[in-house]
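To start, the structure under review is shown below, and the notes come after it.
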Amino acid sequence: MEVTKQAHKAHVLVFPFIGQGHVNPMLQFSKRLAFKGIKPTLITAQYIFKSMQTTTIETQFGPPIQIRSISDGYDDDSGGSHPESIAAYLDSLRVNGAKSLAQLIMRLNDEGDPVQAIIYDGFLPWALDVARQFGLVAGLFFTQSCTVNSIYYHVQRGLIQLPLTGPDLIKVSVPGAPELHPFEAPSFVHTYGSYPFWFDVILGQFSNIDQADWVLCNIFYDMEKEVVDWMAKLWKVRTIGPTVPSYYLDKRLEDDTDYGLHLLKPDKTLCKNWLDSKPKDSVVYVSFGSAAELSNEQFQELARGLKNSDLNFLWVVRESEQAKLPKGIIEENSKQGLVVGWASQLEVLAHEATGCFVTHCGFNSILEALSLGVPVVGVPQWTDQGTNAKFVEDIWGVGVRARVDDKGIVQRKQLEECITEVMEGEKSEEIKKNLSKWKKLAKEAVDVGGSSDKNIDEFVAYLAAC
Ligand code: UDP
């Protein structure tokens, strides 16, 4: 333990966008800060706060992480008054959130617990203005890869024109990153005009980045050295990842086995008992994360592909998606497969029965596969997932990408072939070798004196001097 629970070097607000893929890495980063003597307070929206069982995440290794709420303008959302559109919600979050965040900072001041910095999600760039209003340090936190960051930056500054034309239609190229076919670039870039509101959010990450005091990236340096070096010429960029619980990496944070805040309730015992009954490396774990919505046809193909593989499968299908499962699939496959609404993904990936991970390639899922050493079959859906899948196959060499048909569907046969390839095919040995390399590098990065550990030390020293 590096510090006693009473003393803290600085107090920071950590403000993730709402969504499991944002909360997990920023909460985990908060724990690393707590370990090093910073007091982090996690910010969430009031309607989520109300549904939480706790207002504090206790740690064995530093100050507890307090959770405080701000208003997004929909404080009673759990009652059913859902915002009419994403655009309306994001607008309301910006307007009400900024006001409410400022009020919280003043309240904390009054309580004798002043704040020195705000670490805010790139999706919430207006938090920088609030930091400035109070003279606080502003740390921008990116939850996506640096190649993806760089592509968005190039688009935001007009250095890559959309819709893609001319040479960009053949390859999308940014300094330090491999050349990408357009289909490997983020979906907002190759399919210009798709999800306009999300597109604005994505580009908004770079609207005021030049004013951020720190730019914190959830990767470790070895993953994307050249892109990081390039970004570091523009901003004070530091890699601080992977933000996977310490138990799976350096084990320095006592009892840190889980992220600690599940927005959906995982079927922990059911999954564990089921996995315990299966032989080593026999299970295909399938999950498309917290937000992706698949078509009925894609569900059909996945279901048939998994069944035909004759392998055991554990499939996370969120409740809101379950109606799309082919009829009878659960009963038909009850011995071979288990479908749950949400899992404790880390526990599943770490279980010895798990042999491969069919994933949408959300960036956290990829970091987890890399850190825990699980071969990947990438079935990307949208946003940055196609770029992550490219890296999985061609750069990090930890899995394969499933190919889609003309309608963008991964057919059953293709899924089966990919699963076989990573589990026992020609590439499987190479994939396993690469995985053990990355797993070791991930651990080293966050362990004493590793690249991310040193960067976090530097950040902490800076905060302590504020
Ligand atoms: N996750 C989980 N249980 C599940 C599926 C996902 O705990 O059943 C976690 C997973 O470990 C990851 C996060 O949810 O940390 C999803 O983030 P990711 O970036 O992979 O995808 P997103 O949900 O943002 O699309």
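The numbers here are math on the coordinates, done by the rules we state, and not lab data. On a predicted model such as this, the values are computed, not experimentally measured, just so you know. Positions of Cβ are backbone-derived with ideal geometry, glycine not excepted, and every protein chain shown enters the neighbour counts.
Brief remarks follow.
- Distance violations [Cα-Cα > 21 Å] among Lys225/Lys454; Lys39/Lys265; Lys171/Lys236; Lys390/Lys432: Lys39/Lys265; Lys171/Lys236
- Dipole of the chain computed with +1 at Lys/Arg Cβ and -1 at Asp/Glu Cβ about the Cα centre; of Asn455, Leu234, Pro375, farthest Cα towards the positive end is Asn455.
- Charge-dipole axis of the chain as Lys and Arg at +1 and Asp and Glu at -1 on Cβ define it, positive-most pick from Thr55, Val189, Ala402: Thr55
- Karplus 3J(HN,Hα) series, Hz, for the stretch 257-274 with 6.51 cos²θ - 1.76 cosθ + 1.60 (x for Gly, Pro): 9, 9, 4, x, 9, 9, 6, 10, 7, x, 7, 4, 5, 4, 5, 5, 4, 5
- Beta-bridge orientation, the stretch 1-156: approximately 10 percent antiparallel, per DSSP, counting only bridges with both partners inside.
- Note: relative contact order over the chain, using C-alpha pairs below 8 Å and six or more positions apart, is 14 percent.
- The chain: angle of helix 20-35 to the longest principal axis, Cα-based, in degrees nearest 10: 50 degrees
- Size of electric dipole in the chain: Cβ of Lys, Arg +1 and of Asp, Glu -1, about Cα centre, debye, nearest 20: 480 debye
- What the Cα convex hull of the stretch 252-310 gives, in volume per residue, is 145 Å³.
- Sites excluded, GluC sites (Glu not before Pro) in DSSP loops with at most 10 other C-beta within 10 Å, longest stretch of the chain: 180-425
- Residues whose amide H falls under 5 Å from that of Asp72, counting only those 5 or more places apart or on a different chain, are Gln46, Tyr47, with hydrogens built in the peptide plane.
- Intensity falloff of the stretch 333-466 expressed as log10 I(q)/I(0), Debye formula with alpha-carbon point scatterers, at q = 0.09, 0.16, 0.20 Å⁻¹: -0.33, -0.87, -1.21
- Placing +1 on each Lys and Arg Cβ and -1 on each Asp and Glu Cβ, with no other charges, gives the stretch 174-264 a dipole about its Cα centre of roughly 180 debye.
- For the chain, diffusion coefficient by Stokes-Einstein and Kirkwood Rh (Cα), 37 °C, 0.692 mPa s, µm²/s: 144 µm²/s
- Lys/Arg +1, Asp/Glu -1 at C-beta; the chain dipole; positive extreme among Pro279, Gln345, Ala464: Ala464
- Scattering from the stretch 156-197 was approximated by placing one identical point on each alpha carbon and applying the Debye formula without solvent; log10 I(q)/I(0) at 0.19, 0.26 1/Å stands at -0.54, -0.97.
- C-alpha long axis of helix 363-372 to longest principal axis of the chain, angle in °: 70 degrees
- Mean residue ellipticity at 222 nm, helices only, the chain: -11500 deg cm²/dmol; runs of at least 4 DSSP H residues each add -39,500 (n - 2.57), and the sum is divided by the number of residues.
- Taking a straight Cα-Cα cut-off under 19 Å and skipping sequence neighbours fewer than 8 places away in the same chain, the lysines within cross-link reach of Lys335 are Lys268, Lys272, Lys278, Lys280, Lys307, Lys327.
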